[in-house]
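Colleague: Structure in structure tokens, see below.
The values are calculated or read from the model by the stated rules, or taken from the named source; none is laboratory data. These figures come from a predicted structure and were not determined experimentally. Backbone-built Cβ (ideal geometry, glycine too); neighbour counts: all protein chains shown. Accessible surface is based on the protein model in full, side chains and every heavy atom, while ligands, DNA and RNA are left aside. Shrake-Rupley method; radii C 1.70, N 1.55, O 1.52, S 1.80 Å.
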Amino acid sequence: MRLPLIPHPISPHAGLTLEVEARRAGRVLSLEYVLAGPVERVLWPQAAARVQTDGLWQATCFEAFVRTADGYVEYNLSPSGAWAAYRFDGYRAGMRGLEMPAPFIVTRTAPGQFVLTADVTLPEDAVAATGLAAVIEGFDGSIAYWALGHPSDKPDFHHPDSFALDLP
């Protein structure tokens with residue numbers, strides 16, 4: 001099932017729409033983000049090696065959050081091919097790197113459309129609650145924060161109520 005992500009009310013979105021399809025098979029989370037509209041106005045990161053890199057969320061980046069038995073994990077998936085994964089003990093607490101194989105990330109473009117597909121490995125204690133999000137940076141320097149929902153007045157993908165999708 002393809003789900004719409006919505007921009008936070010303070011986010012400029014310049015006529016873009018964003019949908020994501022998420023599937024879980026065992027410990028693999030498969031994601032397909034589809035950004036449509038004037039994608040030529042998006043500031044895309046330069047291609048990079050498929051390596052773990054901090055700070056990806058500061059530019060155009062697609063994200064997933066999955067609750068675990070004792071906290072949650074965060075995945076940052078850059079269109080550049082770089083990625084990051086973190087484990088948290090609780091709401092923005094106890095952040096540390098998550099050891100995992102490099103995710104499979106593929107991008108493709110067409111007029112008016114950008115697609116990022118990724119497969120990430122979930123930790124053994126992952127549960128069903130999932131949050132899906134994206135940060136989209138425009139050429140004009142604007143930043144749009146997209147998610148399944150926005151439970152607070154500021155963009156906050158870590159908010160417990162942001163884990164709005166159950167993927168058994």
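Colleague: So with the 1.4 Å probe, I'd like the accessible area per residue for the range 1-100, rounded to whole Å².
Modeller: Working: 4810 Å² over 100 residues.
Using a 1.4 Å probe on heavy atoms only, each residue of the range 1-100 averages 48 Å².
Colleague: For the range 79-168, which whole percent of the accessible surface, found with a 1.4 angstrom probe, sits on carbon and sulfur atoms? Each step should come with its number before you reach the end.
Modeller: Working: 2210 of 4160 Å².
Within the range 79-168, the accessible surface is 53 percent carbon and sulfur.
Colleague: Report which label in (i) -0.61, -0.78, -1.03; (ii) -0.52, -0.73, -1.10; (iii) -0.48, -0.66, -1.01 holds the value of log10 I(q)/I(0) by the Debye sum over Cα atoms at q = 0.12, 0.14, 0.17 Å⁻¹ derived from the coordinates of this structure.
Modeller: The calculated read-out lines up with (iii).
Colleague: With an 8 Å cut-off on Cα pairs and a minimum separation of 6 or more residues, tell me the relative contact order of the range 1-97 in percent.
Modeller: On the way: 164 pairs, mean separation 17.5, N = 97.
In percent, rounded to a whole number, it is 18.
Colleague: Of GLU99, GLU63, which has the most accessible area with a 1.4 Å probe, and how do the rest follow in descending order? Present the calculation step by step, with values, prior to reporting the outcome.
Modeller: Details: GLU99 170, GLU63 5 Å².
Accessible-area ranking of GLU99, GLU63, largest first: GLU99, GLU63.
Colleague: A follow-up question, please. Taking H placed 1.01 Å from N in the peptide plane, check which residues at least 5 places from VAL28 or on another chain put their amide H under 5 Å from its amide H.
Modeller: Amide H neighbours of VAL28, under 5 Å, 5+ apart: LEU122.
Colleague: Residues with beta-carbon under 13 Å from that of ALA64, excluding ALA64: net charge, scoring Lys, Arg +1 and Asp, Glu -1? Provide the component values of the computation, followed by the final result.
Modeller: Numbers: positive: ARG23, ARG24, ARG67; negative: GLU21, GLU32, GLU63, GLU74, ASP119.
In short, -2.
Colleague: Tell me the accessible surface of TYR91 in square angstrom (1.4 angstrom probe, heavy atoms of protein chains only), to the nearest ten.
Modeller: Using a 1.4 Å probe on the heavy atoms, I get roughly 120 Å².
Colleague: Determine the shape class of the range 105-150: with a ≥ b ≥ c the square roots of the Cα gyration tensor eigenvalues, call it rounded for a/c under 1.5, and otherwise prolate if a/b is greater than b/c, oblate otherwise.
Modeller: Details: a/c = 2.84, a/b = 1.51, b/c = 1.87.
Oblate, since a/c reaches 1.5 and b/c is not below a/b.
Colleague: Let me make sure I get this right: for the range 71-168, a, b and c are the square roots of the gyration tensor eigenvalues over alpha carbons, sorted descending. Under 1.5 in a/c it's rounded, otherwise prolate if a/b > b/c, else oblate. Which is it? Numbers along the way, then the final one.
Modeller: Numbers: a/c = 1.74, a/b = 1.23, b/c = 1.41.
Verdict is oblate for the range 71-168.
Colleague: Next question. Say we join alpha carbon atoms closer than 10 Å with springs in a Gaussian network model of the chain; which of SER80, SER30, SER152 then has the biggest fluctuation?
Modeller: The residue with the greatest mean-square fluctuation here is SER152.
Colleague: Just need log10 I(q)/I(0) for the range 28-71 at q = 0.23 Å⁻¹, Debye formula, equal scatterers on the alpha-carbon atoms, no solvent, rounded to two decimals.
Modeller: Scattering profile of the range 28-71, log10 relative to I(0): -1.14.
Colleague: Would you report the distance distribution of C-alpha pairs in the range 67-108 as whole percents per 10 angstrom bin, up to the bin with the largest distance?
Modeller: Histogram of Cα-Cα distances, whole percents per bin: 29, 45, 23, 3.
Colleague: Please report, in cubic angstrom per residue, the volume enclosed by the convex hull of the alpha-carbon atoms of the range 1-55. Before the final figure, lay out each step's value.
Modeller: Details: hull volume 7.7 nm³, N = 55.
Hull volume normalised by residue count: 139 Å³.
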